[in-house]
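The structure appears below as structure tokens.
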Amino acid sequence: MTEPLLSVRGLTVEFPTRHGILTAVEDISFDIMPGEVLGMVGESGAGKSMTGNAIIGLIEAPGRIARGEVWLNGQRIDSLPPEAMRAIRGRRIGMIFQDPLTSLNPLYRISDQLIETIRTHLPLSQDAARKRAIGLLDDVGIPDAARRIDDYPHQFSGGMRQRVVIALALCAEPDLVIADEPTTALDVSVQAQIIDVMKELCAERGAAILLVTHDMGVIAETADRVAVMYAGRLAEVGPVRDVILAARHPYTAGLMGAIPRLGENLVRLNQIPGAMPRLSAIPPGCPFNPRCPRVMDHCRSHRPALSPIEPARKVACWLYPEVTEA
Amino acid sequence: MLAFIIRRLAQSALVMLFVALIAFVIFRYVGDPISSMVGVETRLEDREIMRERLGLNDPVIVQFARFIGNALQGEFGISYRLQQPVTELILSRLPATIELAFASALIALVVGVVLGVYTALNPRGYFSSGIMAVSLIGVSLPTFLIGIGLIYLFAVELGWLPSNGRGEVVDLGWWRTGLLTESGLRSLILPAITLSLFQLTLIMRLVRAEMLEVMRTEYIRFAKARGLTRRAINFGHALKNTMIPVITITGLQLGSVIAFAIVTESVFQWPGVGSLFVTSVRDVDVPVMAAYLMFIALIFVLINLVVDLLYFVVDPRLRAGKGH
């Protein structure tokens with residue numbers, strides 16, 4: 001069996017506030033294999049983006065990684081000094097942001113931003129970096145790349161800008177790309193194109209993807225495996241087909257049930273009753289218990305750990321006898 | 001862009017016309033020009049003849065048109081007090097004020113930006129908190145007090161620097177500069193610091209606030225996620241975006257620095273247009289006051305124009321975009 005590219009163990013992210021410590025991400029563990037696409041899905045505030053930021057070392061103060069480890073290719077990276085971590089960002093882990101309208105610096109040409117990033121990580125001359133930048137823009141599907149490269153961000157449409165962002169994330173050939181809601185800010189009509197470009201380029205380069213999104217449709221089309229997050233914890237992890245067709249965790253089942261299907265004659269859209277708890281008021285026991293249709297007394301006082309129930313699947317729910325206490 | 005420049009030029013001309021009207025009203029109606037020009041013993045008939053000869057009996061609109069016409073040729077009449085052409089008088093005093101204003105604007109800009117960036121990047125440091133506290137004093141203390149304090153410390157007690165005048169000047173024909181002699185430069189230090197202090201704290205606080213704002217933007221986070229060096233992020237990506245509002249304020253402040261050099265020039269007896277204006281006010285030397293008003297307005301208008309054009313240089317979004 002090959003070694004995982006990324007291994008997250010017991011990661012916990014905390015925010016000290018005046019009213020006590022808020023735990024945004026608690027004790028999550030997962031692996032990403034080389035070249036694999038792991039989808040991370042959940043409602044807003046479930047801690048998906050926070051997990052991505054923690055891996056790449058960009059948690060904004062006063063937030064901090066309180067416990068846990070992040071390993072990349074056998075190297076522990078969560079406790080590296082800032083300068084060593086900086087050298088990993090962009091070089092070994094690339095990141096794609098949500099909103100292409102705000103993630104490019106408006107005052108710099110696309111060429112400046114690409115060449116600057118390439119030359120930060122690779123020992124290339126200005127000319128060689130420029131050639132590489134043009135090649136990248138070509139790869140992400142920007143027509144007439146050699147001419148457009150000297151344009152400013154505002155001269156591109158939203159979809160084109162997201163292609164530029166992808167080129168920027170990939171320009172030093174990272175092993176892992178963290179894509180944080182890469183299509184949420186885009187028109188539905190270009191979402192599929194962006195996902196295709198991202199997936200194809202990463203596959204060509206053998207880069208793995210951590211795809212953070214709340215869009216189950218995107219996950220279904222793109223990911224190999226899916227990790228479902230709820231209230232800062234992993235609820236379920238498994239191969240994408242298995243999870244979609246036969247969700248084990250009631251929360252996952254609720255998520256799947258909330259996706260309307262064509263041809264279905266719905267009067268109302270299905271929804272999970274209630275709302276995800278605030279970080280300051282996560283209930284004891286299973287965090288999903290107040291909204292769970294299959295809640296048992298045990299769930300209200302005992303917290304389930306993410307435990308293997310089938311060879312490739314893990315779930316944190318007391319419905320399954322294999323599950324242990326956290 | 002051309003249309004923009006033309007529109008701005010037209011607006012500037014309108015502003016200048018309005019200021020000219022005010023200057024004209026001061027010139028014509030503050031006191032009686034004839035009594036200011038002649039002695040008490042001049043007979044009434046002679047006064048009337050003079051009034052007629054100078055065109056003071058013409059309709060107001062004709063007089064205003066004549067005033068504008070003269071102003072366009074740089075003609076503002078004769079100073080009552082010094083009996084010299086006003087324009088000549090102002091031009092001879094101008095180099096002193098401009099050198100002082102630019103020296104203090106330079107100090108304010110360089111020190112202000114450096115301290116602003118520093119305090120923004122180290123918001124929780126002791127040194128930053130100290131600077132912020134001191135800057136409050138800088139904003140709230142009046143200029144003359146700072147000037148007198150500096151004179152007391154560095155000129156009277158320590159005796160390091162001269163307390164007044166420009167020192168030796170070198171005549172370049174059309175410009176008398178104090179920048180080429182040691183005594184000239186030494187004389188410049190105290191008044192330039194005094195004049196710069198308010199602008200300095202203003203620029204510093206502005207840079208700090210803007211920089212903190214910019215550091216929170218997505219493109220800075222993305223720059224960090226790409227592993228760019230701290231240097232490249234702070235001084236390339238962040239500072240350039242901070243500069244747009246700073247240019248505006250600095251430009252406008254340069255105008256105020258020239259206009260409000262009056263106080264500093266009085267404290268340090270600096271022979272510039274500001275002290276010329278103060279003595280003119282004291283002696284009701286109306287032509288000088290009117291010309292000074294026009295001159296300050298012209299500087300403000302010109303600086304505004306330059307600031308607007310600078311936006312185009314800094315911000316590509318304002319330039320006519322191809323493929324947009």
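Each value in this text was obtained by applying a stated rule to the coordinates, not by laboratory testing. These figures come from a predicted structure and were not determined experimentally. Cβ sites come from the backbone with ideal geometry, for glycine too, and all protein chains shown count toward neighbours.
Amide H of residue A:272: which non-local residues (sequence gap of 5 or more, or other chain) have their own amide H closer than 5 Å, using H built in the peptide plane?
Correct list: empty.
Please give me, ordered by residue number, the trypsin sites (Lys or Arg not before Pro) of the range B:3-74 that lie in loop per DSSP and have at most 14 other Cβ atoms within 10 Å.
Loop-located and lightly packed - B:43.
Quickly estimate the mean residue ellipticity at 222 nm for chain A, helices only: each DSSP H run with n ≥ 4 gives -39500 (n - 2.57), and the total goes over all residues, rounded to 500.
-9000 deg cm²/dmol
What spacing in nm lies between the two simple spin-label points modelled at residue A:298 and residue A:325, each 7 Å away from Cα in the Cβ direction?
1.1
Nearest 10 degrees is fine. How inclined is helix B:2-29 to the longest principal axis of chain B, computing both from alpha carbons?
Here the helix axis deviates by roughly 40 degrees.
Applying the Karplus parametrisation 6.51 cos²θ - 1.76 cosθ + 1.60 with θ = phi - 60° to the phi angles of the range A:305-321, what ³J(HN,Hα) value in whole Hz is obtained for each residue in order, glycine and proline being reported as x?
In residue order, the calculated couplings are 8, 5, 10, x, 10, 9, x, 10, 10, 10, 8, 10, 7, 6, 5, 10, x Hz.
Given only helices, namely DSSP H runs of n ≥ 4 each adding -39500 (n - 2.57), what is the per-residue ellipticity at 222 nm of chain B, to the nearest 500 deg cm²/dmol?
-23000 deg cm²/dmol
Once each part is reduced to its C-alpha centroid, what is the distance from the range A:30-87 to the range B:56-128 in angstrom?
Between the Cα centre of the range A:30-87 and that of the range B:56-128, the gap is 57 Å.
Would you pull out the residues with amide H under 5 Å of residue A:309's amide H, same chain only if 5 or more places away, H placed 1.01 Å from N?
Those qualifying (amide H under 5 Å, at least 5 residues apart or on another chain) are A:314, A:315.
Taking only C-alpha pairs under 8 Å that are 6+ residues apart, what is the relative contact order of chain A in percent?
Contact order relative to length: 19 percent.
For chain B, take the longest principal axis of its alpha carbons; what is the angle in degrees between that and the long axis of helix B:286-314, to the nearest 10 within 0 to 90?
30
Which whole-Hz couplings ³J(HN,Hα) result when phi for each residue of the range A:187-200 is put into the Karplus expression 6.51 cos²θ - 1.76 cosθ + 1.60, θ = phi - 60°, listed in order with x for Gly and Pro?
Working through the residues one at a time gives 4, 4, 5, 9, 4, 4, 4, 5, 4, 4, 4, 4, 5, 5 Hz.
Lysines near residue B:240 by alpha-carbon distance under 27 Å, same-chain residues fewer than 8 away left out - which ones?
Partners within reach: A:131, B:224, B:322.
At most 15 other Cβ atoms within 10 Å and a DSSP loop assignment: could you name the GluC sites (Glu not before Pro) in the range B:61-140 that fit?
B:75
Quick one: which residues, 5 or more positions from residue A:229 or on another chain, have an amide H under 5 Å from its amide H? H modelled 1.01 Å from N in the peptide plane, none for Pro or chain starts.
A:41, A:42, A:235
Can you list which of the trypsin sites (Lys or Arg not before Pro) found in the range B:250-324 are DSSP loop residues with at most 11 other C-beta atoms within 10 Å?
Those that pass, being in a loop and sparsely packed, are B:322.
Name the shape class, rounded, prolate or oblate, that the alpha-carbon gyration tensor gives for the range A:44-116, where a ≥ b ≥ c are the square roots of its eigenvalues, rounded holds for a/c under 1.5, and otherwise prolate holds if a/b is larger than b/c and oblate otherwise.
oblate
Points 7 angstrom from Cα along the Cβ direction at residue B:66 and residue A:281: gap in nanometres?
8.2
Shape call for the range A:206-326 from the C-alpha gyration tensor, a ≥ b ≥ c root eigenvalues: rounded (a/c under 1.5), prolate (a/b greater than b/c) or oblate?
The shape class here is oblate.
Pulled fully out, how much extra length does the chain show between residue A:205 and residue A:312, if you take 0.36 nm times their separation in residues and subtract their Cα-Cα distance? Don't skip to the answer; put the middle values down first.
Working: separation 107, 0.36 × 107 = 38.52 nm, distance 2.57 nm.
The span from residue A:205 to residue A:312 would gain 35.9 nm if fully extended.
Taking each residue in A:134-142, count the Cβ atoms of any other chain within 10 Å of its Cβ, then average. What number comes out?
0
Springs between alpha-carbon pairs under 10 angstrom, Gaussian network model over chain B: which of B:165, B:112, B:274 fluctuates most?
In the Gaussian network model the winner is B:165.
Can you pull the mean other chain C-beta count within 10 Å for peptide B:215-222?
Across the residues of B:215-222, the mean count of other-chain Cβ atoms within 10 Å is 6.
From zero up to wherever the largest Cα-Cα distance of the range A:143-184 sits, split into 5 Å bins and tell me the percent of pairs in each.
5, 19, 30, 23, 14, 10, 0
Using 7 Å Cα-to-Cβ label points, what is the residue B:305/residue B:281 separation (nm, one decimal)?
2.8
What is the Cα centroid distance between the range A:283-326 and the range A:210-227, reported in whole angstrom?
If we compute the Cα centre of each part, the gap is 23 Å.
Over the whole of A:111-121, what's the average partner chain Cβ count within 10 Å per residue? Rounded to a whole number, please. Write down the numbers at each step before the final one.
Numbers: counts 0, 1, 6, 1, 0, 7, 6, 1, 0, 5, 3.
Other-chain Cβ atoms within 10 Å of each residue's Cβ, averaged: 3.
Between residue B:57 and residue B:81, what FRET efficiency comes out of the Förster formula 1/(1 + (r/R0)^6) with R0 = 30 Å and r the beta carbon distance, rounded to 0.05?
0.75
Residue by residue through the range A:210-219, which ³J(HN,Hα) values in whole Hz follow from phi under the Karplus form 6.51 cos²θ - 1.76 cosθ + 1.60 (θ = phi - 60°), with glycine and proline marked x?
Taking θ as phi minus 60°, the curve returns 9, 9, 9, 7, 9, 9, 4, x, 4, 4 Hz for the range A:210-219.
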